[in-house]
Every structure is written in structure tokens, then in C-alpha cells.
Amino acid sequence: MTDTPGATTAPAAPSPAPTTLGELRATGSTSRPVKAEIRANLLARLAAGEPTLPGMVGFEDTVLPEVERALIAGHDLVLLGERGQGKTRLIRTLVGLLDEWTPVLAGSELNEHPLAPISVWAHRQIAEHGDATPVGWLHRSERFGEKLATPDTSVGDLIGDVDPIKVAEGRTLGDPETVHYGLVPRTNRGIFSVNELPDLAERIQVALLNVLEERDIQIRGYRVRLPLDLLLVASANPEDYTNRGRIITPLKDRFSAEVRTHYPIELADEIRLLQQEAALSWPTAFGADHLAQPVVPQHLVEIVARFTRLVRESSHVDTRSGVSARFAIAGLETVAASAVRRAAVAGEARPVARVVDLPSIVPASRGKVEFADSGSDPDDDRELEVLEHLLRQATAQTFRARCAGLDLGGLQEHFTGGETVESGDLVPAPALLGQLGTIPKLAELLGRLGVPEGDQSAEQAAAAVEFALEGLYLTRRLAKDTDGGRTVYGA
């Protein structure tokens with residue numbers, strides 16, 4: 001559930017008209033806290049029946065209601081869950097609940113509202129220019145800040161520090177304008193996220209206490225009180241939360257809500273997530289337009305989804321570290337790439353993924369899985385064997401689910417006289433189909449696999465037939481021999 005609408009979305013419309021403080025006042029504009037802004041926009045979406053946090057698959061009945069309640073209550077929150085559960089994606093999607101445009105004092109480092117200045121600089125600007133004070137407009141995509149907690153993160157990074165250049169320019173150390181503000185105050189009137197909060201050193205976590213409770217900051221003994229206005233959201237992994245690092249008790253107490261995330265509960269949600277997130281097309285290159293749009297049939301998407309779930313549930317895998325959604329996404333993209341490679345080498349008219357492309361997932365994805373036996377050799381072939389077994393199991397489950405009750409006797413009869421069919425990751429669709437001749441029940445098989453009637457090309461037919469052959473083998477109704485990239489059915 002990775003990754004990132006909202007924070008990187010470009011402005012969709014031009015900013016509003018008022019360009020001075022006087023013009024802004026004349027419109028009747030008022031300043032409201034960012035949490036009130038988020039609450040109002042969230043309630044408006046709920047009332048209209050619109051998605052509140054679009055793109056979050058599988059959280060509709062579990063995580064999202066908890067997040068919505070926290071936002072309505074005006075709570076800062078911690079998202080707690082294993083890797084690859086969409087925590088960062090969810091945090092960045094919150095940006096969509098901000099107003100599209102908001103007025104700011106032009107030149108303000110702190111995104112100050114013209115009607116509610118908080119810094120010495122801002123008060124001086126308004127005193128000098130009055131209603132002619134310049135006003136700018138900030139898009140919601142620019143009102144999000146985040147920091148990945150790392151051991152080298154300092155208080156200066158988050159909160160701020162004395163700027164030696166400003167001191168060298170002749171300002172005194174007591175002048176609050178000698179301060180270089182950190183990421184948190186620079187996200188004033190927005191949303192700030194700390195990813196993997198337990199990895200932040202405990203002495204650095206202390207710096208966030210005032211931000212969460214008193215809503216101000218303290219910098220090196222300066223008498224700087226800035227009433228910051230922001231929503232603070234953090235993410236944490238349960239394993240980190242209890243072992244590798246911890247969130248200090250006073251800081252945990254200041255986060256008013258803790259929300260547990262999870263991997264997709266239903267297979268349908270796993271499939272939806274794959275279809276939404278996997279990048280299965282690329283920019284056209286070298287004039288090979290047909291290679292830029294590979295097709296991954298629905299039954300192969302389902303196999304990858306089932307495979308991911310089996311890996312998560314396997315006793316051989318360390319469940320504490322989890323199996324990220326990126327595991328499944330990268331696997332599906334690898335399958336598509338294998339199809340494109342075959343089409344480029346063998347000259348297929350259209351790259352359509354087949355069962356023969358599935359084994360490419362295993363070596364590509366092994367680094368994304370932490371096995372339970374930490375004492376074993378990381379290069380042990382046993383890990384590959386486990387993944388290969390689970391992939392076969394996922395394929396068999398999909399075959400039973402898709403082809404239950406389908407009469408494949410006609411396809412089996414092709415092999416009664418000792419005939420064989422050879423396939424492989426570089427065998428083109430026409431060569432595979434040519435070995436079989438007329439295929440009984442092909443239209444029914446394609447229908448079972450969700451292939452539209454108007455899209456039943458030779459490549460789609462080959463993908464369906466190969467899936468049927470593999471299913472017959474996995475249900476012990478057909479022999480198979482595999483040697484490297486060569487597969488012979490009926491051997």
C-alpha cells in the first residue's frame with residue numbers, strides 16, 4: 001500500500017485572487033485551526049458518501065473508521081503495524097482532507113495565516129505594510145512534512161537551532177530571528193509525520209513533548225513561544241515498538257489515538273491492492289509500442305495474491321517482521337516483465353503473462369522475506385524450496401477455485417497416445433498452441449478465467465491453456481518434467 005498521493009500532487013487549479021491583507025479581509029476570510037479544517041472536510045465527505053481516504057484498500061471497515069474518529073476528535077495519532085501495510089500511504093493521503101488552497105503571509109517560513117501571525121517577523125510585516133501586506137496562497141500538497149526517524153536525527157532537524165550565518169550578519173544571540181526553524185515549525189498549519197518513531201533517540205523524542213501538549217517549541221533556551229498549529233502523525237512497527245526501540249512513556253501519553261493497521265484480510269482486497277499498485281505498463285521505448293503494455297491475466301494476479309498470503313502464514317517465515325505488500329507488487333511486476341522479455345525475444349504480437357512466468361518471482365522476492373530460522377545459511381536452497389512449494393500451492397488453489405467443475409477431459413485426451421507439449425519462458429504463444437491443435441472447451445476455459453470475448457487473442461488462449469495444463473499436473477492428472485527454463489507436459 002505504498003505510496004503517495006496528496007503530498008506530491010500538483011495544484012489542480014489556480015490559486016485564489018486576493019494578494020494583499022486588505023483584499024483578504026474584504027472577502028470575509030477567517031483563520032481556523034488545521035484540525036478544525038480537517039474535521040470539516042472529513043465530515044463533508046462522510047455526509048456526501050464520498051471516500052474519505054481514497055486508495056486505502058482493505059481498511060474500509062477496520063482502520064479507516066478508527067482514523068476518522070481520531071481526526072474528528074482532533075487527536076494526534078500513531079499508526080502501529082508491520083512493514084508494508086500502507087501506514088505511510090495512509091498518512092500522506094490525509095493531505096487530501098486539507099483545504100485545496102490556504103492564504104499565507106508571503107515570505108513566511110512558518111506558513112502563517114495573514115489574520116493570525118505568530119512570529120516577530122510577521123507582526124513587523126503587518127505593522128509596516130498594513131492592508132498592503134503581501135499575501136500568498138499555499139496548495140495543500142505543500143502543507144505536508146515528514147521525517148524518517150534515523151539515529152542521526154537531531155533536535156535541530158526537527159525543531160530548529162541557532163543560525164550562525166544570521167549571527168554573523170550582526171544580529172544578537174537573543175534575537176529570535178537568529179533561529180533556523182526545523183521541519184516541524186516549517187510545517188505549521190499542516191500535517192507532520194514521523195516515520196518509524198521508535199527509532200528516534202529518546203532524548204530527541206523529548207523535543208516533541210511540547211509540540212504535542214503545549215503546541216509550542218523551545219530552542220536552546222531562547223524565549224521563543226510559537227503556538228504551532230499542526231496535526232502530528234507517527235508510524236511504528238510493533239517489533240520496533242517493543243524491542244529495538246521504544247516510544248517514551250510521556251510521548252505515548254500525548255498521542256491521543258493509536259491505530260493498528262493490518263494486511264488485507266480478504267483475498268479480494270489483496271487482488272484489488274495488486275491491481276491498484278502494480279506498475280504494469282511503461283513508457284514506449286524504441287518504437288516497440290506493443291511491448292509497453294503487457295497483460296497479466298486475472299488468474300495470474302490471483303495466484304500472486306494467494307502466494308503472498310501463503311508466505312505470510314507459513315511457519316517458515318518470521319511473522320514478526322511481516323511480508324510487505326511490496327512483496328506481492330514486485331512479484332506481479334516481475335511476472336509482467338518476464339512476459340515482455342519473451343515477446344521481445346520470440347516476436348510475440350502481444351506480451352501476455354503465463355504460468356511459465358511465475359517462477360521468476362521466487363529468486364526476485366527472496367530478499368523481501370525473513371525466514372524464522374535465523375541461524376540458517378542465508379543462501380540455503382531450503383528458502384527457495386519453501387517459496388517454490390508455496391507458489392505451486394497458490395497455483396493449485398487458484399486452479400481449483402477457477403476451474404472447479406470444468407470438463408478438461410478433451411485436453412487430457414491429447415496426451416493419451418504419449419504426446420507431449422513443450423513450453424518455456426521463451427516459447428511464443430503460437431508455438432505452444434500449435435502443439436495442441438484444436439482445443440476442446442477453450443471458449444469456456446477463457447470465460448472461467450475472465451477473458452472478455454473481444455480479447456481472446458492467441459496469447460490469451462496460450463495463457464489459459466498453460467494454466468489448465470499446470471492445474472492438471474498439480475492435481476495429479478498429467479505428468480510434467482522441468483529442466484531449467486524448459487517445461488514438458490505429458491512427459
If LEU426 satisfies all but one of (1) modelled with pLDDT under 95; (2) within 17 Å of ASP357 (Cβ to Cβ); (3) open to solvent by less than 20 Å² (accessible area, probe 1.4 Å), what's the number of the condition it fails? (3)
Search the range 9-35 for residues being modelled with pLDDT under 65 and out of contact with any Phe, Trp or Tyr (no Cβ under 9 Å at 6 or more places or on another chain), and hand back the single one that is surrounded by the most Cβ atoms within 10 Å (Cβ to Cβ). THR9
Report, by residue number, each residue of the range 39-58 that is within 17 Å of VAL95 (Cβ to Cβ), hydrophobic (A, V, I, L, M, F, W, C) and part of a loop (DSSP other than H, G, I, E, B). LEU53, MET56
Please find, within the range 61-77, the residue that is least open to solvent (accessible area, probe 1.4 Å) out of those that are under 14 Å from VAL259 (Cβ atoms) and assigned to a loop (DSSP other than H, G, I, E, B). ASP76
Can you tell me which of GLY484, GLY490, GLY471 is surrounded by 19 or more Cβ atoms within 10 Å (Cβ to Cβ) and on the phi > 0 side of the Ramachandran plot? GLY490
When you check LEU432 against the structure, is it buried (at least 21 other Cβ atoms within 10 Å of the Cβ), in contact (Cβ under 8 Å) with a residue 24 or more places away in the chain and either under 23 Å from VAL340 (Cβ atoms) or β-branched (Val, Ile, Thr) (or both), yes or no? yes
Quick check, is ARG382 within 31 Å of the chain's Cα centre (by Cα), modelled with pLDDT of 90 or more and among the charged types (D, E, K, R)? no
Residue count, the range 292-309, condition under 22 Å from HIS389 (Cβ atoms) and either touching a His at 6+ places or on another chain (Cβ under 9 Å) or among the β-branched types (Val, Ile, Thr) (or both), comes to 4
Give the range 329-349 a look and list any residue that's surrounded by 20 or more Cβ atoms within 10 Å (Cβ to Cβ) and at positive phi, or say none. none
For the range 381-395, check the following and say yes or no: at least one residue is part of a helix (DSSP H, G or I), under 30 Å from ASP289 (Cβ atoms), β-branched (Val, Ile, Thr) and in contact with a helix residue (DSSP H, G or I) (Cβ under 7 Å, 6 or more places away or on another chain). no
Only one of (1) buried (at least 20 other Cβ atoms within 10 Å of the Cβ); (2) assigned to a helix (DSSP H, G or I); (3) touching a Leu at 6+ places or on another chain (Cβ under 8 Å) does not apply to THR88, and that is (3)
Does ALA292 fit the bill of being aliphatic (A, V, I, L, M) and surrounded by 15 or more Cβ atoms within 10 Å (Cβ to Cβ)? no
Only residues in the range 344-371 that are in contact (Cβ under 8 Å) with a residue 24 or more places away in the chain and farther than 25 Å from LEU449 by Cα count as the first member; pair them with residues that are in a helix (DSSP H, G or I) and open to solvent by less than 20 Å² (accessible area, probe 1.4 Å), Cβ under 6 angstrom, at least 6 apart or cross-chain, and list the lot. SER365/PHE327; SER365/GLY331; LYS368/PHE327
So for the range 450-472 (the condition being assigned to a loop (DSSP other than H, G, I, E, B), in contact (Cβ under 8 Å) with a residue 40 or more places away in the chain and of a type outside the set (S, T, N, Q)), does at least one residue qualify? yes
Among LEU110, LEU98, LEU46, the single one that is open to solvent by 10 Å² or more (accessible area, probe 1.4 Å) and farther than 21 Å from GLU258 by Cα is LEU46
Can you find even one residue in the range 231-254 that is over 26 Å from GLY322 (Cβ atoms), modelled with pLDDT of 90 or more and open to solvent by less than 10 Å² (accessible area, probe 1.4 Å)? yes
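The values are calculated or read from the model by the stated rules, or taken from the named source; none is laboratory data. Remember, predicted model here, so these are calculated numbers, not experimental data. Methodologically, a virtual Cβ is constructed for each residue, glycine included, from the backbone with ideal geometry; neighbour enumeration extends over all protein chains shown. Side chains are part of the model used for accessible areas, which takes the heavy atoms of the whole protein and leaves out ligands, DNA and RNA. Shrake-Rupley method; radii C 1.70, N 1.55, O 1.52, S 1.80 Å.
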